[in-house]
Amino acid sequence: MTSGGRLPRPRGSPRRVLIWPSVPIPGQLYRHLLVYQKILVYALVLVSGSVTQSASDVETGLESVARAGGRLWGLERWFVPQSFRRWTEGMPERYVMDLPLAPPVLLTCSPEDCRALFTEREGALLFGEGLRRFAPHEAMFGHDAIAALDGEDHTRFRRRLTGAFHGEALKGYEAAIAEVTERHIPEWPRGTPVRFGDLMHELARDVIATTVFGVTEPARARRLGAALDRLDRALNSAELAGRFAAAIVMRGWWAPYPRIRSIHEEIAAVAREEMAARRRAPDSERRDCLAHFLSAEPDDEGFMTDEEIIAALRVLVVAGWATTATTLGWLAERLARHPDALAGCERDAREGGSRYLMATVQETLRMRPPVPVTLRYVARDHDLNGLCLRRGTLVAADIERMHYRPDIYPSPHAFRPERFLEARPGTYTWIPFGGGVHRCIGAGFALTEARLILQTILRQVSFAADASAGEPSHRKTLITMPRRGATVTLRGASCPA
């Protein structure tokens, strides 16, 4: 068994490559396919570069905006994410990135532009349509959830979910988060390098299942866990990546995806059974998102139909699982290489404090935001602080570049949680959760979850780096992850609580 608990592939066994359709591919053919894919992608880059570049200025009115180099630069930004600092540090606040077979994207790390993007309420800049056209969220969330991300539908949907993530509701999840974490810790290996990101992936799944769905009946809980694992594999597959690329070319149209649909249907079936069981035997002591949704009366502002509840549960699981797991992995990777910060977190964990722990979570999200940008689709011509954006343009707040601006964050490459003890995160300069009416509705939950999990872990174990150099970043789709899976060595806490 490899570190992290994965079984090695038996020598000589066929690789399973997820293509369309999914079939086992022998090793030699697998290598030929990889070469073929690279040649095909390169050909598409060469062909599309000349096509999209010539039309882009006419369509979007971005003639005066700097461009990010040649036609391969955009690909490098996505597939070699740590490289972005090398070629954008000399770029102005705004620049255009041309991607093969896709419309040009205007990226900005201007706080004034981000304020304008986040506060636009007239329907000129659409968040859901941006995701549909340039992100895999249509397949991830389902069409019904994506449709609820713009206009009045979004306002109603957000209002109905808000109560589950504020005040007493948020505090009600804390005991469950700590309890699930404590169940996992004894199973982790000590004294040997382990891919901590994999451990956090399993932990975050169980925390989400407990705090969002709250399923306790054993058979139903196993079905939910199996469905979530199937969903995770599908969302990280080459098949989804291929469909994602095709959807970009097709301007946001996704071909039917039976594999994902069947997983969504299984999760929905579990949710319906759980709702029916709770209605047969009400329990006012339940503290999970589903309990909060079911407590609303038909005349209440927060009332949702069963189908709306199912869509909400699906969004919360998909949006909150991988991002939280990735942040927890980066926390371990950063702390293992910064002993002073680790000591500060251990002190908080030991003494029951939270201020330094929270600052560490915020600093990790500054340096390693799970997603690099937040998108808007220009639905009609719009003036962005003096720049005329034509209908059909994609515009993005560049989260990564914003978080590395030295005029906002002195010594931006230094991991220094103390900066968030000295000042609160800026509304338009610290944006790992986006901003405005589309700021992640679970942001408060995600911060509390990460802080509580880290606090619970550090009361029993600590982190040591497996190598002196920090881990570079990489992406499979949109989420920025540690390339070596946040490999650390776990040891006993120096001063257990």
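The values are calculated or read from the model by the stated rules, or taken from the named source; none is laboratory data. Because the structure is predicted, anything quoted here is derived from the model rather than measured. Note that we place each Cβ from the backbone using ideal geometry, even for glycine, and neighbour counts take in every protein chain shown.
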Task: Count of residues meeting criterion [modelled with pLDDT of 70 or more, among the aliphatic types (A, V, I, L, M) and over 30 Å from residue 267 (Cβ atoms)] in the stretch 100-150 - done: 7
Task: Condition check for residue 246: in contact with a Leu (Cβ under 7 Å, 6 or more places away or on another chain) and either closer than 19 Å to residue 131 by Cβ or modelled with pLDDT under 90 (or both) - done: no
TODO: Report, by residue number, each residue of the stretch 401-439 that is assigned to a helix (DSSP H, G or I), touching a helix residue (DSSP H, G or I) at 6+ places or on another chain (Cβ under 6 Å) and closer than 28 Å to residue 343 by Cα.
DONE: 403, 420, 421
TODO: Output yes when any residue across the stretch 266-281 is closer than 24 Å to residue 479 by Cα and modelled with pLDDT under 95, and no when none is.
DONE: yes
- [ ] List every residue pair whose Cβ atoms sit under 8 Å apart, with the two residues 6 or more apart in sequence or on different chains, where the first one lies in the stretch 180-198 and is within 18 Å of residue 452 (Cα to Cα) and the second, anywhere, is in a helix (DSSP H, G or I) and of a type in the set (Phe, Trp, Tyr).
- [x] none
Task: Test set (1) over 18 Å from residue 105 (Cβ atoms); (2) in a loop (DSSP other than H, G, I, E, B) - residue 392 fails condition number - done: (1)
Open item on the list: If I filter the stretch 469-482 for residues that are over 30 Å from residue 120 (Cβ atoms), at pLDDT 95 or above and touching a strand residue (DSSP E or B) at 6+ places or on another chain (Cβ under 7 Å), do I get at least one hit?
Closed with: no
TODO: Evaluate the stretch 341-364: report whether one residue or more is among the hydrophobic types (A, V, I, L, M, F, W, C), modelled with pLDDT under 95, surrounded by fewer than 23 Cβ atoms within 10 Å (Cβ to Cβ) and in contact with a Ser or Thr (Cβ under 9 Å, 6 or more places away or on another chain).
DONE: no
TODO: Residues that are more than 19 Å from the chain's Cα centre (by Cα), at negative phi and among the hydrophobic types (A, V, I, L, M, F, W, C): find the helices (runs of 4 or more DSSP H) completely inside the stretch 184-275 holding 2 or more of those.
DONE: 218-235, 238-249
TODO: Report yes if some residue within the stretch 327-341 is under 20 Å from residue 485 (Cα atoms) and aromatic (Phe, Trp, Tyr); otherwise report no.
DONE: yes
Task: Any hit, the stretch 278-298, residues being touching a Lys or Arg at 6+ places or on another chain (Cβ under 8 Å), assigned to a helix (DSSP H, G or I) and more than 26 Å from residue 154 (Cβ to Cβ) - done: yes
Task: Residue list for the stretch 262-294, restricted to those being in contact (Cβ under 8 Å) with a residue 40 or more places away in the chain and of a type in the set (Asp, Glu) - done: 266, 273, 274, 288
Open item on the list: Looking only at residues that are within 20 Å of residue 442 (Cα to Cα) and of a type in the set (Asp, Glu) in the stretch 180-211, which one is surrounded by the fewest Cβ atoms within 10 Å (Cβ to Cβ)?
Closed with: 202
Open item on the list: Based on this model, can you work out whether residue 174 counts as over 24 Å from residue 103 (Cα atoms) and modelled with pLDDT under 80?
Closed with: no
- [ ] Output the number of the condition that residue 469 fails; it satisfies all remaining conditions of (1) assigned to a helix (DSSP H, G or I); (2) surrounded by fewer than 20 Cβ atoms within 10 Å (Cβ to Cβ); (3) aliphatic (A, V, I, L, M).
- [x] (1)
Open item on the list: What's the number of the only condition in (1) in contact with a strand residue (DSSP E or B) (Cβ under 7 Å, 6 or more places away or on another chain); (2) closer than 25 Å to residue 492 by Cβ; (3) surrounded by 20 or more Cβ atoms within 10 Å (Cβ to Cβ); (4) charged (D, E, K, R) that residue 334 fails to meet?
Closed with: (1)
